[in-house]
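Only one structure is covered here, and it is reproduced in the block below.
The values are calculated or read from the model by the stated rules, or taken from the named source; none is laboratory data. Please read all numbers here as calculations on a predicted model, not as lab measurements. Every residue, glycine as well, gets a Cβ built from its backbone with ideal geometry; the counts of neighbours run over all protein chains shown. Quick note on the areas: whole protein, heavy atoms, side chains included, nothing else; ligands and nucleic acids left out. Shrake-Rupley method; radii C 1.70, N 1.55, O 1.52, S 1.80 Å.
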Amino acid sequence: MKSKVIIAISGGIDSVVLAHLYKKLNLNFSLAHCNFNLRDEESDADEAFALDLAEDLDVEVFVQNFDTEAYAKDFKRSIQMAARELRYNWFVELAEQLKFDYILTAHHADDNLETFLINFTRGTGLNGLTGIPMKNENIVRPMLPFSRQEIEAYAKENQIKWREDSSNSSRKYLRNKLRHEVVPILRDINPQLLDSFQNTLNHLKDTTDIVAESVDAVANKAIVSLDEDDVFFKVSEFKNLKNPKAYLFELLNEFGFTEWNDVVNLLDAQSGKQVFSSTHRLVKHRDYLILSERNSKASITITIGVTEVQNGKVKTPLGIIFFDEADAIKENTNTTIYVDKDKLHFPLGLRIWKEGDVFQPLGMKGKKKVSKYLKDEKLSLIEKEKTWVLTSNNDIVWIVGKRADERFKVTDKTEQILKVELANP
């Protein structure tokens, strides 16, 4: 069965040649064109060209218009980055909705070289120097082996018409400056530049495989706990290495960290020290580095009314909390407590604990700060920040999963016993 594919069609020579090649091979494909509305009439003319091309090739075409400048402003992106995100997000959405197997783009060998140089000038690791992947999930780039010169020769030989993007001649974009000013100098130095570059990419990819094997071996020793929220790394495994910084970079680079000296310094830092990226953080806790997403739940308060309690269960970020009236009590545990229902004031609240919170631990006469209790329990900073409390009229009923409050316990005078139980989702 032939695959069903979308070809990203800009109107430029590369994507138009790709569409003609697919038609010549009698393959099953459709076209998808993005109008970014950045070049006024020229953008509209590109869209019209894509529609005419689809008619000439007798294939269906999808067109999407974007307010690229507004997107760039709202999400603080450069125009080029905004266009890239909009384009790929739409392609993926289109493929999912209409059951296309692959998304084809017309990146070629010259694009690959320019991407290498962009990453090189901005600073990158080994992965940033291995070029554009031929296949990335369902995105495929079949033109990568061919140069811009070869594509132009094929287009002219077969009298294929295409659109010239005037922005390609602008020097304000880094890619264009490299294309028009740097690459020609490199070609003068080495007329076989693309062949030499491909050899270099092959060697770098081979080296990447070796590095990946070494990093995997270290990860297998260093990672002692892994779940959907946190990753625990054993500090000693990195300190035994000759170059811990290199391994930390390979393991953590995808999480957005940039201050690598600070990351390395965590290995010898006191517990509680942490380094942040825009999305994640790394915390030193005793003999471990703990990787987690930055906490975004601190301000959430879930309201639990009488109706929810009567229904018997409430879904929460911690899991499902079950409520059940009981005739007698058993011993309180970390996940199950028994309280005097008449002492509760509804609605109850469920939230992350905060500084200044106090409670009266079950079995104790005096009150205790929640922060002191969590410290005594030797919880890591991340574990502390994931600690929730169940409240009644702002009084803590339960540090969920840990300790109940004395003030709400069942006594001889209790008439209604409420069993509260936390179950994992």
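Values as computed for the structure displayed
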| read-out | value |
| --- | --- |
| Label selected from (i) 1.17; (ii) 1.58; (iii) 1.36, the criterion being Cα Rg over 2.2 N^0.38 Å as computed here | (iii) |
| Of His345, Pro244, Ile300, farthest towards positive along the dipole that unit charges on Lys, Arg, Asp, Glu beta carbons give the chain | His345 |
| Carbon plus sulfur fraction of accessible area for the range 224-364, probe 1.4 Å, in percent | 46 percent |
| In degrees, nearest ten, helix 13-24 long axis to first principal axis of the chain (Cα) | 80 degrees |
| Fraction of accessible area attributable to carbon and sulfur, the range 39-155 (%, probe 1.4 Å) | 49 percent |
| Glu355 paired with Leu186, simple spin-label distance in nm, labels 7 Å along Cα-to-beta-carbon | 5.1 nm |
| Accessible-area order (highest first, 1.4 angstrom probe) of the listed residues Leu418, Leu129, Leu174 | Leu174, Leu129, Leu418 |
| Antiparallel %, DSSP beta bridges [both residues in the chain], to 5 | 80 percent |
| Length released on extending from Glu377 to Lys330, taking residue separation times 0.36 nm less the Cα-Cα span | 14.5 nm |
| The chain - accessible surface per residue (Å², probe 1.4 Å) | 58 Å² |
| Unit charges on C-beta of K, R, D, E only; dipole of the chain, Debye | 1940 debye |
| Lys, Arg +1 and Asp, Glu -1 on Cβ, resulting dipole of the range 309-425 about Cα centre, debye, nearest 20 | 480 debye |
| The range 183-222 - percent of accessible surface contributed by carbon and sulfur, probe 1.4 Å | 55 percent |
| Prolate/oblate/rounded label for the range 42-174 (Cα gyration tensor, a/c 1.5) | rounded |
| Residue (of Asn253, Ala326, Pro145) at the positive-pole extreme of the chain, dipole from beta-carbon charges | Ala326 |
| With Cα atoms, 0 to 90° folded angle of helix 193-222 axis to the chain main axis | 10 degrees |
| Ranked order, Trp162, Trp388 - accessible area, probe 1.4 Å, largest first | Trp162, Trp388 |
| Angle in degrees between helix 148-157 and the longest Cα principal axis of the chain, rounded to the nearest 10 | 50 degrees |
| Selection from Phe116, Ser30, Ala82 lying farthest towards where the dipole of the range 1-151 points positive, charges on Cβ | Phe116 |
| Relative packing of peptides 109-119, 44-54 - highest average C-beta neighbours within 10 Å first | 109-119, 44-54 |
| Environment charge at Arg77 (Cβ cut-off 12 Å; Lys +1, Arg +1, Asp -1, Glu -1) | 0 |
